[in-house]
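The values are calculated or read from the model by the stated rules, or taken from the named source; none is laboratory data. Given the structure is predicted, the values throughout are model-derived calculations rather than measurements. Using ideal geometry, Cβ is built from the backbone for each residue, glycine included, and neighbour counts are taken over all protein chains shown.
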Amino acid sequence: MYIKKHYLVMEFAFIAAFCLLPPLFKGPEQYAFPGILSYLCSFCISIFLYFQLNLYKKTKKTEQYKKKIRFSAKDYSGILKFTLNSSYFFLTFGTLIVTAVCINIFTVCLSNRAFSIDLAPGANAADAANAAAMIPAFFVSAFYEEVMYRMVLPEFLYCFFTKNQRTACRNKRDTARFYVTELVSVLVFAFSHRYAGWASVLNSFIAGIALRKCYLKSKNIFTGFAAHFLYNVFMLFLLSMAHGRS
């Protein structure tokens, strides 16, 4: 049974009002590190939306989302899938690291600071000893952002503005709609990090493109989530060590 469009409009309005729009209006001066309750709510919301979208895709029963790879032995398809997902993971993780380092070097050159903390808020000398305690928070936030900005927002926009994302490039109008929905999703993700400074917005914009591409290629949320989570942990410890030595 298909989810009716008026229900999708109501649900999207709720998600936008409580999840997507509030981060866009938070600058550095309004930022406060979320508490445990906030992370629990985010995790529950992301779990619910993840299973809802998966169920919705199954009930649609469209052949456009199904690409079958034929082999003489079934074992090869599993090995190939693992290999492809691993390659997507390393490419995405590498892109995130290189982008963050390049932007950090650029901001250091402009501001003459020892090392920028804009790309990982909270990673300072005082927090270095408690960095491990932030790992669960990064786990939840990475999963929440992958579900919200790589699955929920693009899928809702596609539902409203395009008939099918896999056939969205058959004419100029559908092509324009396809790229506009992708651009809006990435921009919303990028500007939701405005509280961390404009360097973080630029970094998140490029990271959003890489993570979205990873999701589309791997066809699952967990490859991009793993890259996102490990990137956050890597940057946390890197910046914590840098500020601890400064």
Filtered residues of the stretch 192-227 (kept if assigned to a helix (DSSP H, G or I) and touching an Asp or Glu at 6+ places or on another chain (Cβ under 6 Å)): Ala196, Ala199, Ser200, Ile221, Gly224, Phe225
Where a residue in the stretch 190-218 is more than 30 Å from Lys81 (Cβ to Cβ) and without any contact (Cβ under 8 Å) to a residue 60 or more places away in the chain and its partner, wherever it lies, is of a type in the set (Lys, Arg) and surrounded by fewer than 22 Cβ atoms within 10 Å (Cβ to Cβ), with Cβ under 9 Å and at least six apart: Val201/Arg194
Spans of helices (runs of 4 or more DSSP H) in the stretch 49-167 with at least 2 residues within 19 Å of Ala199 (Cβ to Cβ) and modelled with pLDDT of 90 or more: 74-111, 135-145
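Here is a yes/no grid of residues against (1) in a loop (DSSP other than H, G, I, E, B); (2) modelled with pLDDT under 90:
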site	(1), (2)
Met1	yes, yes
Leu8	no, yes
Cys19	no, no
Ala32	yes, yes
Leu37	no, yes
Phe43	no, no
Matching entry among Gly197, Gly208 (being at pLDDT below 95 and out of contact with any Ser or Thr (no Cβ under 6 Å at 6 or more places or on another chain)): Gly197
Members of the stretch 194-211 that are closer than 15 Å to Thr95 by Cβ and either among the hydrophobic types (A, V, I, L, M, F, W, C) or surrounded by fewer than 21 Cβ atoms within 10 Å (Cβ to Cβ) (or both): Leu202, Phe205, Ile206, Ala207, Ile209, Ala210, Leu211
Pair list, Cβ under 9 Å, 6 or more apart: the stretch 78-101 residue among the hydrophobic types (A, V, I, L, M, F, W, C), other residue not in a helix (DSSP H, G or I): Leu80/Ile69; Leu80/Phe71; Ala100/Leu119; Ala100/Ala120
Total residues in the stretch 86-104, condition crowded, with 19+ Cβ neighbours inside 10 Å and closer than 18 Å to Tyr215 by Cα: 6
